[in-house]
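No value in this document is a laboratory result; all are computed from the given coordinates. All values reported here derive from a predicted model rather than from experimental measurement. Cβ placement follows ideal geometry from the backbone for every residue including glycine, while neighbour counts extend to all protein chains displayed.
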Amino acid sequence: MKSTPKKKVVVLGSGFAALSFLKNIDLDLLNVTVVSPRNHFIFTPLLPSTTVGTIEFRSIIEPIRSVRSNVEYFQAECTAIDVKKRVIRCEGQFDRKEFKLNYDILVMAVGASVNTYGVPGVKEHALFLKELSDARAIRQRIVECFEQAAQPMVSSEEQDRLLHFVVVGGGPTGVEFAAEVHDFLEEDIRRIYRELSAKVSILLLEATEHILSTFDAALSDYTARLFKRQNIQLRTGSLVTKIDAKNIYLKDKTRIPYGLVVWTAGVGPQPLVKTLTLEKDSFSRLQTDGFFQVSGAQGLYALGDCATPRGQNFPATAQVAQQEGKYLAQMLSKRERGLPVKPFQYRHYGMLAYVGSNRALADLAAVKGKGFSTWLFWRSAYLTRLVSFKNKVLVVFDWFKTLVFGRDISRF
Ligand SMILES: Cc1cc2nc3c(=O)[nH]c(=O)nc-3n(C[C@H](O)[C@H](O)[C@H](O)COP(=O)(O)OP(=O)(O)OC[C@H]3O[C@@H](n4cnc5c(N)ncnc54)[C@H](O)[C@@H]3O)c2cc1C
């Protein structure tokens, strides 16, 4: 008897949803090809720690080729999807040459992109915190600001500007980044740049009235009080209207000189998602059914930050993307075997955030934790969630290295 050939699954992306899908898909039943401009997975919850060198860049990444053998990978960006013919167009990362791939099943896990809300100057002057290259650029810029401010001909006013570090966006990423800069300042900068350290200031700008609005209000208030003690200035209700090479402008006409500005104010759709004329929600995420199938596009599934099941408003988090990726892999495997399938059910495990000075927040269903013991929990939780044994060893080693030797401030 002639056996039916395996269906061809193409996965777009190498983030949380794609990785979880790859780990759980049955390769005896389906052929899998991954297309992503990034040839590695990034454990983003620890990305803010890499911006100041608490953790090294390579400790939180895993090459996508190491995740599963027998999976084909192309370092390329998908630029168009022909949902009728089930063909995607891709652009290679090296020479931008185009190629096409057919699929039976397309898994879109392309995530989200940074949302600048069209504010003039953000793209040109602010740094983002999404990829490792962003973290590296921030780390370079921080050291650059100190070395530049230490030059003999620099005026006191210019030193103040260079050493003013501004974060736009009071969500978990902005808060964690401000906390990491604070630790860097307290634990290393005061010792290394003695004369300059008194001039350093950190400012967190938030457009709404509260930071960490997705957390319990008591935890958000605790963070605001802690930031005050840590000399991290907080300006809520502050809408940025423009950024130029040296200043940030607010709606209330305030001008804020800066040396570094990091934009963590929100996410928006990826360019590929924008090209698709399929059903989307008010955040421009693709709408799917409870099985992540996009309506009007046979064989197209979308999950993670780029999509949400109709009637649901799942947050753009790693835990959502991870659960969705696992579910979709298991669901497709079951379907191939002719077994019945149930729609996806999200399980919320809670949220964690680092707030500086060895303190963290845990907003869990049963407990609202904060402080030092929560920080120990935060570290152990993320350690267990890191992808590989190698990552876990490297991160523990980096934490130990930072504790003993401090953070490295070399600029190269
Ligand atoms: C600094 C930071 C800290 C965070 N901390 C936390 C946290 O503590 N807890 C938490 O739950 N969440 C956290 N998040 C959010 C979490 O990282 C995202 O929700 C999660 O990564 C979404 O997974 P995803 O697979 O949908 O997208 P991503 O992980 O963003 O992956 C998208 C992938 O698609 C690829 N791609 C993009 N365009 C294309 C294309 N056209 N063709 C092919 N591939 C493409 C990208 O290169 C990438 O590999 C954090 C995010 C950031 C940036």
Debye log10 I(q)/I(0) at q = 0.09, 0.12, 0.15 Å⁻¹ for the chain, Cα point scatterers: -0.59, -1.02, -1.45
DSSP-defined antiparallel bridges as percent of all bridges, the chain, nearest 5: 50 percent
Rule-of-thumb Rg ratio for the range 300-395 [Cα; 2.2 N^0.38 Å; N residues]: 1.35
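Can you compute the charge dipole magnitude of the chain about its Cα centre, using +1 on each Lys and Arg Cβ and -1 on each Asp and Glu Cβ, nothing else charged? Give it in debye, rounded to the nearest 20.
That gives a dipole near 1000 debye.
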Exceeding the 19 Å Cα-Cα cut-off - candidates K8/K274; K7/K84; K123/K242; K8/K342: K8/K274; K8/K342
Reachable aspartates and glutamates, given that their alpha-carbon falls under 17 Å from the alpha-carbon of K280 and they are not under 8 places away in the same chain: D289, D305
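First select every other residue whose beta carbon is under 13 angstrom from the beta carbon of I256; then total the charges, Lys and Arg +1, Asp and Glu -1. Mind dumping the intermediate values first?
Values: positive: R161, R235, K242, K246, K251, K253, R255; negative: D160, D244, D252.
So the surrounding residues net to +4.
Starting from the coordinates of the alpha-carbon atoms of the range 69-123, obtain the Kirkwood hydrodynamic radius over all distinct pairs and give the value in Å to one decimal. List each step's numbers first, then the result.
Details: mean 1/r = 0.0733 Å⁻¹.
Across the range 69-123, the inverse of the average 1/r is 13.6 Å.
All other residues with a Cβ under 13 Å from the Cβ of F21 taken together, and with Lys, Arg as +1 and Asp, Glu as -1, what is their net charge? Intermediate results must be reported in sequence, preceding the final value.
Values: positive: K23, R68, K326; negative: D26, E324.
Neighbourhood net charge equals +1.
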Around A150: net Lys/Arg minus Asp/Glu count, Cβ-Cβ under 13 Å: -1
Burial ranking of peptide ranges 115-121, 178-184 (average Cβ count within 10 Å, highest at the top): 178-184, 115-121
Protection proxy ranking, peptides 398-410, 147-159, 322-334, average beta carbon neighbours within 10 Å, highest first: 322-334, 398-410, 147-159
Cα centroid separation - the range 243-279 against the range 286-303, whole Å: 30 Å
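Obtain the radius of gyration and the Kirkwood radius of the range 9-165 from its C-alpha atoms and give Rg over Rh.
Working: Rg = 20.1 Å, Rh = 18.3 Å.
Answer for the range 9-165: 1.10.
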Where a label projected 7 Å from the Cα of D104 along Cα→Cβ would reach, residues of the range 332-348 with amide N under 13 Å: 332-338
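Report the chymotrypsin sites (Phe, Trp or Tyr not before Pro) located in the range 337-370 that are in a DSSP loop and have at most 14 other Cβ atoms inside 10 Å of their Cβ, or state none. Show your work: numbers first, answer last.
Details: sites: F344, Y346, Y349, Y354; in loops: F344, Y346, Y349.
For chymotrypsin sites (Phe, Trp or Tyr not before Pro) across the range 337-370 that sit outside H, G, I, E and B with at most 14 neighbouring Cβ atoms in 10 Å, the list reads Y346, Y349.
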Selected from H125, S113, I138, residue furthest toward positive end of dipole (the range 1-147; charges at beta carbon): S113
FRET efficiency estimate (nearest 0.05) - Cβ-Cβ, L339 to K242, R0 60 angstrom: 0.60
From phi via Karplus (6.51, -1.76, 1.60), per-residue ³J(HN,Hα) for the range 96-110 in Hz, x at Gly/Pro: 6, 6, 8, 8, 10, 9, 8, 9, 8, 10, 10, 9, 8, 9, 8
